[in-house]
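The structure appears below as structure tokens.
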Amino acid sequence: MVFVKYGVKQREKHRKVWQRFHRAINRYEMYSYNNTELFNNYLNYLGTTPILRARAKSGGTQVKLFLVFADGGEALVKPWRVPRDYETVPDHYYFADIERHNAEISAFHLDRILDFRRVPPNAGRIFNLSRDIYDRADSSLSREFYRSPANNLCFMTDCDQHCDIAETPVCGNPDQIEGSVAAFLPPETSAKRSS
């Protein structure tokens, strides 16, 4: 039996991308200004890594999905809901407006440009709802899928505030949908924090 003794740099190199991201977080920033390799690798990871499991994430004001990737990493998906040129009616109650997935991506990049580095990495991703979500969904989420009259694959899920399940389905075209994929922070058991 051969034992290999790794130094800190070798161990860090062999960690999964999401583990390296978690280890680099400190009290001042989510990622360091000069760590572009990890930063770019993590954005690529969020946009391309195979999905192992998917489930609906309850709470909040928007439909969200919780993903577990094949290597154990986790992410939060906010799916496309309305076209980019959709305008809310002026007298609409502002909390009831449909939040947009691309706003999440924009907020992350603006935070990076302003050099705050406090918003978790967030990447855009095109999903095939059949293959990437439905085939990986837990039993409660998979029951929510249906084919619309336009033959698009859709699902409905709940959120606590300002969304009505019957009025706010998430639909692909026919199975393709765009979404934002946000990095999860380390569990509170390994990284104490106040929120």
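Where a number appears in this text, it was derived from the coordinates with a stated rule and is not lab data. Quick caveat, the model's predicted, so the values are computed rather than measured. Here the Cβ is made from the backbone with ideal geometry for all residues, glycine too, and neighbour counts use every protein chain on show.
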**OP:** Provide the gained length on full extension for the span residue 74 to residue 131, in nm with one decimal, where the gain is 0.36 nm per separating residue minus the Cα-Cα distance.
**Re:** 18.7 nm
**OP:** Compute the distance in nm between two label points, each set 7 Å from the Cα along the Cα-to-Cβ direction, one at residue 35 and one at residue 114.
**Re:** 2.2
Original post:
What is the order of 98, 105, 113, 177, fewest Cβ neighbours within 10 Å to most?
Top reply: 113, 98, 105, 177
